[in-house]
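Heads up, the thing below is written out as structure tokens.
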Amino acid sequence: MNADPLSGQFDFSTLPDLATLGQTLFRKVPIGTVVVRLSDSQILLRNPAFRHIADDKITTMSALIDTSCVDPKQQEQLRAQVRHAKSRADREDTSELPELVLDLKGADGRIRIVQHYALMFHKQGIAIGIFRDISDIKRKYRALQKDAFTDELTGVGNRRGLMERWNEEIEDDPAQAIGFLMIDLDQFKPINDTYGHATGDNVLRSMARRLRKSVRKSDYVVRMGGDEFGILLPGIESRTMLDTVSNKLLAALRRPVTVDTLKLSLSGSIGGGLYPEDGKDLAAIMVHADQSMYSTKKKIPARKRSQKPLVTIKPPAP
């Protein structure tokens, strides 16, 4: 007798030749699927879709984790899931391994982004795992994400990107020290007023490139808006370290900028903040850095802040 469909149950005995249907589904489904023996993690069955994801030479789930999964953090996450599921064998017949995104290297050397999910059937001594290749979806998402988190004019990050990067850093290591620098270009407004916004835009692009080249690859440069930039500096643990970076950046900003026939000399004001010393979140650190920057700017005489930058006219090429 069929069960009430609203109950989420079904009497599978009403289906003809369920074993054949299951075998056909296993072969034809476009999602990598394996049957694994729990006692030794041996892969007993694998469908054709799985062969596009992992090397046939991989015969156990342990080997898959150790050799195919290229991210050590993902390896440990999956091992922890397996340990937790096995520990529940005396309390439940079936244990679930939640969805987990893995970077798996296949026999062709290509790294695929895979969404993994599994069920352990303790009485039967097996687990069924599925591996859905989401590489194309992830690549498209990352392309959209890059556009959303990038400043269109300069190519560095924007405020949304800064918040995303901050969240990633805190999620990865909540206890780490993080520095943040706020940078305001001095004498920039006269450039726009005198030479036009096209020249000003080229100056901003040049300054953004300099900032990015002056810090580590792990640091994150953003344009906050107008002529203000910010830099997130993971692992900066002291005011001394922050000052060292600031001085390096000031030296880079003071080098003349060449735009067409103009050689412009300007500088910048920099203020910094440290997490968690100066605040418990990004907003608080930014406020501290902003106040520090404007405190520095006030020390510059008003006439010097408003005067035009030093300009050298390059003679045209013969």
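Please treat every number below as a calculation from the coordinates, not as lab data. Everything numeric in this text was worked out from a predicted model, so none of it was measured. We place every Cβ from the backbone using ideal geometry, glycine too, and count neighbours over all the protein chains shown.
Distance from the Cα centre of region 64-82 to that of region 91-113, in angstrom?
So the two Cα centres are separated by 8 Å.
Kindly express, to the nearest 10 degrees and within the range 0 to 90, the angle between helix 18-28's C-alpha long axis and the longest C-alpha principal axis of the chain.
30 degrees
Whose amide H sits under 5 Å from the amide H of LEU38, counting only residues 5 or more places off or on another chain, with H placed in the peptide plane?
Under 5 Å from the amide H of LEU38 lie the amide H atoms of ILE126, ALA127, each far enough along the sequence or on another chain.
Net charge around HIS84, counting only other residues with Cβ within less than 14 Å of its Cβ (Lys, Arg = +1; Asp, Glu = -1)? All intermediate terms of the calculation are to be shown ahead of the outcome.
Numbers: positive: ARG79, ARG83, LYS86, ARG88, ARG91; negative: GLU76, ASP90, GLU92, GLU96.
Overall, the nearby charge balance is +1.
Roughly what angle does helix 282-298 make with the longest principal axis of the chain, taking Cα atoms, 0 to 90 degrees, to the nearest 10?
Tilt of helix 282-298: around 10 degrees.
Could you give the nm distance between label points at ASP71 and MET241, where each point is 7 Å from its Cα heading toward the beta carbon?
2.5 nm
Taking amide H positions as placed 1.01 Å from N in the peptide plane, with prolines and chain starts having none, which residues 5 or more places from PHE188, or on another chain, fall under 5 Å of its amide H?
Under 5 Å from the amide H of PHE188 lies no amide H from a residue far enough along the sequence or on another chain.
Restricting to Cα pairs below 8 Å that are 6+ residues apart, what does the relative contact order work out to for the chain? Please round to a whole percent.
About 13 percent, as a whole number.
What number comes out for the charge environment of GLY106, summing +1 per Lys or Arg and -1 per Asp or Glu over other residues with Cβ under 12 Å away?
Once positives and negatives cancel, what remains is 0.
FRET efficiency for ALA198 and SER265, Cβ-Cβ distance as r, R0 = 30 Å, nearest 0.05?
Calculated transfer efficiency: 0.95.
To the nearest 10 degrees, how steeply does helix 197-214 sit against the main Cα axis of the chain, on a 0 to 90 scale?
With both axes taken from Cα atoms, the answer is about 60 degrees.
With the alpha-carbon atoms as the only input, what is the per residue convex hull volume for region 5-138 in Å³?
Cα convex hull per residue, to the nearest whole number: 135 Å³.
Size of region 178-276 along its principal axes in angstrom, Cα-based, largest extent first?
Each principal axis gives a Cα extent; for region 178-276 these are 43, 21, 20 Å.
Once you put a point 7 Å from the Cα of ASP93 and another 7 Å from the Cα of LEU250, both along the Cβ direction, what distance in nm separates them?
In this crude label model, ASP93 to LEU250 measures out at 7.2 nm.
On the principal axes of its Cα set, how long, how wide and how thick is region 149-313? Give whole Å, largest value first.
Its Cα atoms span 51, 32, 21 Å along the three principal axes.
Could you tell me the relative contact order of region 149-313? Use alpha-carbon pairs under 8 Å, at least six residues apart, and round to a whole percent.
Over region 149-313, the number comes to 29 percent.
Does region 62-138 come out rounded, prolate or oblate by the C-alpha gyration tensor, with a ≥ b ≥ c the root eigenvalues, rounded set by a/c under 1.5 and, if not, prolate when a/b is larger than b/c and oblate if not?
Taking the square roots of the gyration eigenvalues as a ≥ b ≥ c, region 62-138 is prolate.
Between ILE111 and LEU25, what is 0.36 nm times their sequence separation minus the Cα-Cα distance? Round to one decimal in nm.
28.3 nm
Binning every alpha carbon pair distance of the chain at 20 Å from zero, what are the percents per bin?
24, 37, 26, 12, 1
For the chain, with only Lys/Arg (+1) and Asp/Glu (-1) charged at the beta-carbon, what is the dipole magnitude about the Cα centre, in debye rounded to 20?
Details: 48 positive and 41 negative charges, 355 e Å.
In debye, rounded to 20, the chain gives about 1700.
On a full-extension model of 0.36 nm per residue, what is the gain between ASP136 and ARG83, subtracting their alpha-carbon distance, rounded to one decimal in nm?
16.0 nm
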